[in-house]
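The values are calculated or read from the model by the stated rules, or taken from the named source; none is laboratory data. It should be emphasised that the depicted structure is a prediction, and the values quoted were computed from it without experimental measurement. Please note: Cβ atoms are built from the backbone with ideal geometry, for glycine as well, and neighbour counts cover all protein chains shown.
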Protein chains: 2
Amino acid sequence: MGDTRTELIAAAIEVLRESGFSAASARKIAQRAGCNQALVFYHFGSVNDLLVAALEDVSTHRMQAYQRLLDHTGTLADLADSARAVFQADLDAGHVRVLTEMISGAQAVRGLGERVAQVLAPWRAFARDAVRQALAASPVGSLVPPEEVAYAVVAGLLGLEMLVSLDDDREPALALFDRARLLGETLDRLRPRPA
Amino acid sequence: MGDTRTELIAAAIEVLRESGFSAASARKIAQRAGCNQALVFYHFGSVNDLLVAALEDVSTHRMQAYQRLLDHTGTLADLADSARAVFQADLDAGHVRVLTEMISGAQAVRGLGERVAQVLAPWRAFARDAVRQALAASPVGSLVPPEEVAYAVVAGLLGLEMLVSLDDDREPALALFDRARLLGETLDRLRPRPA
DNA sequence: GTCTATACTTGGATAGAC
DNA sequence: GTCTATCCAAGTATAGAC
């Protein structure tokens, strides 16, 4: 199917998800992609450059998925349901894990942290706008700054991913989404029709 | 001062904090501890065993600090203040970072995840009891299960640590603690004297 | 573009002197 | 307990054939 470049990115995502940053070597990624180790350096220059490219790829595609989610949900309860579904999909595909591995792995390599932060930057704005939109129709919407909530949401997703991967048990995390749905229902009932 | 074993553990904590799991080699840790690389294997058997010992050391000491915190705070507002102070101390000393690095690093090594999970297990119980105690006097205390809140709190701390280390900016995280304090004040005011 | 071969580096781990 | 010396495995990166 895809060319070697594309398959290397896909393989890098898989290795990051399954074995983490410290195991994401050129040899292991190339083996997964079914090609030679030297091609990593031909196409991307270095292993870290490939890993950043993989992160950017995941980030772009997931942002689109989240945007579609936001466009099709009205109530907070709907939003909680959709968020739960997307979170499950991310766990299955390892999208969030790619991010957590890159964040912690970036500590070891000079300059890598800045590049990861650059990938994460658009998510700040996206999450802020999403929270603002979601809380606009809520009675508590004017009480909390969207930036703060967005920061907490991103941090929460990262932390949940870490705990889930450690225990290999996503039930406690999913229970929190169910709890959020109940809370959303309550808030929706307080103002069923936005002005 | 301390014997070599103790200094190796201290050095392992420093390296994990500053450079992450993938850079925590026997050579680098021993150099930091001012001793020979072979002593890592003499005292601990393997590098991973040393890293687990370092994590256990941090876990034990921090649990004591958190317990003292809990014993000396009555209102939710007090609790938020204390939590903020402890979180700052943890950031400075890199205690939470040791945990996040071990969680993500454990993905690469068979069996390591289980050992990290064992260290984290007592924190589950501790956080659950702490949340139960803190919410006992609150009007919303009976509405949310302590286990769920505790899970969210632990995940939130992990996520905040990751974002803070990535951006090297703890202000957004500290702002969340200030927000929690305001919320705590409100809840405290609803029931100033517990029954 | 893709491969083989290789130079170079780093790391885990052990043996054995002291 | 601590050191030196060493073996072996794995990784990054490059040169050069095809």
When residues of segment A:1-26 are filtered for being assigned to a helix (DSSP H, G or I), within 14 Å of chain B (Cβ to nearest Cβ) and not β-branched (Val, Ile, Thr), how many remain? 8
Residue B:59 passes all but one of the listed conditions (1) of a type in the set (S, T, N, Q); (2) near DNA strand C (Cβ under 9 Å from one of its atoms); (3) touching a Pro at 6+ places or on another chain (Cβ under 8 Å); the exception is number (2)
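Listed here are the residues, each with its yes/no results for (1) within 12 Å of DNA strand D (Cβ to nearest atom); (2) not aromatic (Phe, Trp, Tyr).
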| position | (1), (2) |
| --- | --- |
| B:27 | yes, yes |
| B:41 | yes, no |
| B:52 | no, yes |
| B:56 | no, yes |
| B:64 | no, yes |
| B:71 | no, yes |
| B:89 | no, yes |
Kindly check whether there is at least one residue in segment A:23-31 that is more than 28 Å from residue B:101 (Cα to Cα) and touching a residue at least 24 places away in the same chain (Cβ under 8 Å). no
Quick one: which helices (runs of 4 or more DSSP H) lie wholly within segment B:86-194 and hold at least 3 residues that are more than 11 Å from chain A (Cβ to nearest Cβ) and out of contact with any His (no Cβ under 7 Å at 6 or more places or on another chain)? B:112-136, B:171-190
Quick one: how many residues across segment B:39-81 are buried (at least 16 other Cβ atoms within 10 Å of the Cβ) and of a type in the set (Phe, Trp, Tyr)? 2
Does any residue of segment B:16-28 turn out to be at pLDDT 95 or above, surrounded by 15 or more Cβ atoms within 10 Å (Cβ to Cβ) and on the phi > 0 side of the Ramachandran plot? yes
Working only within segment B:7-48, note down all residues that are near DNA strand C (Cβ under 8 Å from one of its atoms) and under 21 Å from residue B:110 (Cα atoms). B:23, B:24, B:25, B:26, B:40, B:41, B:45, B:46, B:47, B:48
